Amino acid sequence: MANKIYTMAIVGYGGMGSYHTKLIEPVDNIQVTGVFDINKDRMKAAAEKGYKAYESLDELLADSTVDIVLIATPNDVHRDLAISSLRAGKHVICEKPVTITSGELQDIMAVQQETNRVFTVHQNRRWDEDFLTIKHLIDTKQIGETFHLESRVQGANGIPGDWRQVKAPGGGMLLDWGVHLLDQLLLITDSKIDSVWTELSFILGTEVDDGFTSFIKFKDGLTALIEVGTTNYVKLPRWYVKGTEGSAILRDWDLSGEIVRNNPDVAKVEPKPIKAGQGLTKTMAPPSEESTLKLPLEKPPVPEQSFYENFIAAIEGTSPQLVKNEEALRVLRLIEAIFESAEKRAVLNDLNL
Ligand code: NAD
């Protein structure tokens with residue numbers, strides 16, 4: 001089993017489907033051999049790259065040489081494609097958001113149990129270094145106990161593409177970038193969610209949200225501000241974290257940022273008042289340089305397995321699946337609570353999610 005090369009076929013050979021072929025290139029034991037897409041131009045593009053272009057989904061699923069199906073279509077067809085693939089005996093990787101509703105994912109999970117194949121979601125941003133850096137900072141308590149964090153991504157290019165601007169195929173930024181940021185957030189604490197408040201943004205006039213601001217409170221007291229924007233010509237930092245002993249900032253994908261924390265070796269020095277605008281303030285004066293330390297962000301440990309290495313290990317039963325379906329289900333339930341809070345214009349309390 002150890003040297004088996006797994007054959008993969010891709011359903012949906014658009015932006016992400018074709019990007020997966022590049023991601024898989026360095027993976028020794030997966031080989032992409034075929035593609036199915038409902039768009040003839042995309043099938044032609046796949047054939048030109050040397051992939052078998054299947055005439056139909058049925059033809060692909062009937063091909064007994066295919067071990068793995070990778071689903072990279074718009075979100076509304078993920079459920080049916082996943083179920084058909086599992087029933088055909090294939091292991092399945094599905095792009096995020098795994099489905100639009102938690103009910104659809106539960107349907108897939110029921111078939112996964114029946115068929116005993118591996119089904120997982122491509123939550124690739126669990127491996128992003130900015131996230132791993134912040135998770136490491138929090139886990140190792142470098143600024144004491146974290147009590148608040150802000151995680152945001154902001155651009156000024158509006159909602160990209162076509163189907164992402166439409167509700168039926170699962171468009172909107174909450175289901176797009178929101179899924180990544182919420183998935184990351186739920187890995188940061190073991191605590192259950194207590195309450196959610198959200199404002200969706202419709203600045204661009206689309207039928208789906210072009211961004212959102214969500215305030216999430218956990219039972220252990222941690223609060224999180226999660227924000228996605230597509231109308232931000234000036235953007236705020238990617239991460240801002242406050243702990244009982246200091247604060248940390250990570251500005252961008254380049255991982256620039258720092259920690260400022262109290263110096264345990266120096267007694268707190270009273271701040272001197274500063275002139276601020278037309279007034280004087282001691283409250284808002286910066287902490288004294290003698291009693292604080294400015295430190296670089298520590299590099300996090302390198303993950304032991306990549307997404308694909310883990311997927312193969314899960315098939316072979318040598319490692320547990322890292323992106324668990326129950327975790328994806330919790331993210332979808334949180335998204336449903338976020339939509340409900342936005343619609344009701346209310347804080348949803350006592351969620352116990
Ligand atoms: P896209 O529009 O570029 O590509 C989608 C492709 O699917 C198109 O070629 C389309 O013709 C095809 N398609 C549609 N319905 C189909 C069907 N029933 N059967 C077969 N093919 C079908 O979209 P995209 O940006 O590649 O997004 C695809 C998926 O990947 C989405 O779920 C999206 O959220 C996800 N995605 C994930 C990441 C990530 O970082 N994990 C990044 C981008 C997109």
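The values are calculated or read from the model by the stated rules, or taken from the named source; none is laboratory data. Model, not experiment: these values are computed from the prediction. Neighbour counts are summed over all protein chains in view; Cβ atoms, including those assigned to glycine, are modelled from backbone coordinates with ideal geometry. Quick note on the areas: whole protein, heavy atoms, side chains included, nothing else; ligands and nucleic acids left out. Shrake-Rupley method; radii C 1.70, N 1.55, O 1.52, S 1.80 Å.
Order TYR6, TYR233, TYR240, TYR19 by their accessible area, 1.4 angstrom probe, all chains in place, largest first.
These residues rank, largest area first, as TYR233, TYR19, TYR240, TYR6.
Go ahead and estimate [θ] at 222 nm for the chain from helices alone: -39,500 (n - 2.57) per DSSP H run with n ≥ 4, summed, over the residue count, rounded to 500. Present the calculation step by step, with values, prior to reporting the outcome.
Numbers: 9 runs with 100 residues, N = 353.
Estimated from H runs of four or more residues: -8500 deg cm²/dmol.
Please say if the range 95-228 is rounded, prolate or oblate, where rounded means a/c under 1.5 for a ≥ b ≥ c the square roots of the C-alpha gyration tensor eigenvalues, and otherwise the choice is prolate for a/b larger than b/c and oblate otherwise?
Oblate, because a/c is 1.5 or more while a/b does not exceed b/c.
Quick one: check the C-alpha center-to-center distance for the range 120-162 versus the range 38-64, whole angstrom.
First find each Cα centre; the distance between them is then 35 Å.
Taking only Cα atoms of the chain, what ratio of Rg to Rh do you get with Rh as the Kirkwood inverse-distance radius? Intermediate values should be presented prior to the final figure.
On the way: Rg = 22.9 Å, Rh = 22.3 Å.
Rounded to two decimals, Rg/Rh equals 1.03.
What shape does the range 199-258 have by the C-alpha gyration tensor, where a ≥ b ≥ c are the square roots of the eigenvalues, rounded means a/c under 1.5, and otherwise prolate means a/b greater than b/c and oblate the rest?
Oblate, because a/c is 1.5 or more while a/b does not exceed b/c.
Using only Cα positions of the range 6-122, each an equal point scatterer, no hydration layer, compute I(q)/I(0) via Debye at q = 0.12, 0.19 Å⁻¹ and quote the log10 values to two decimals.
Log10 I(q)/I(0), no solvent term: -0.37, -0.96.
Between the alpha-carbon centers of the range 295-353 and the range 193-220, tell me the distance in whole angstrom.
18 Å
Using the basic label-point model (7 angstrom from Cα toward the beta carbon), what is the ARG87 to ALA346 distance in nanometres?
Between ARG87 and ALA346, the simple spin-label model gives 4.0 nm.
Given the options ALA62, ALA314, ALA82, which has the most mean-square fluctuation in a GNM of the chain, springs set between C-alpha atoms less than 10 angstrom apart?
ALA62
Computing the accessible area with a 1.4 Å probe over protein heavy atoms, can you report the carbon and sulfur percentage for the chain?
So the carbon and sulfur contribution to the accessible surface is 52 percent.
Give the long-range amide H neighbours of GLN154: residues separated by 5 or more places, or on another chain, with amide H under 5 Å away, using H modelled in the peptide plane at 1.01 Å from N.
GLY229
Quick check: net charge around ILE138, other residues with Cβ under 14 Å of its Cβ, Lys/Arg +1 and Asp/Glu -1? Mind dumping the intermediate values first?
Numbers: positive: LYS135, LYS141, LYS242, ARG261; negative: ASP130, ASP139, GLU145, GLU150, ASP190, ASP220, GLU245, GLU298.
Neighbourhood net charge equals -4.
Assign one of three labels to the range 236-353, namely rounded, prolate or oblate, based on the Cα gyration tensor with a ≥ b ≥ c the square roots of its eigenvalues; rounded applies when a/c is under 1.5, prolate when it is not and a/b is larger than b/c, and oblate otherwise.
oblate
Which order do TRP163, TRP253 take when ranked by solvent-accessible area (1.4 Å probe, heavy atoms of all protein chains), largest first?
TRP253, TRP163
Let me know the charge dipole size of the chain about its Cα centre in debye, to the nearest 20, where only the beta-carbon of Lys, Arg (+1) and Asp, Glu (-1) is charged.
Using Cβ point charges on Lys, Arg, Asp and Glu, the chain gives about 660 debye.
If each of LEU280 and ALA267 carries a label point 7 Å out from its Cα toward its Cβ, how far apart are those two points in nm?
Rounded to a tenth, the inter-label distance reads 2.5 nm.
If DNA, RNA and ligands are ignored and the probe is 1.4 Å, what is the ranking of ASP58, ASP209, ASP63 by accessible area, most exposed first?
ASP58, ASP63, ASP209
Tell me, what is the per residue accessible area of the range 6-122 in Å², probe radius 1.4 Å?
On a per-residue basis, the range 6-122 sits at 43 Å².
For the range 131-269, report the accessible area per residue in Å² (1.4 Å probe, heavy atoms, rounded to an integer).
That works out to 43 Å² per residue.
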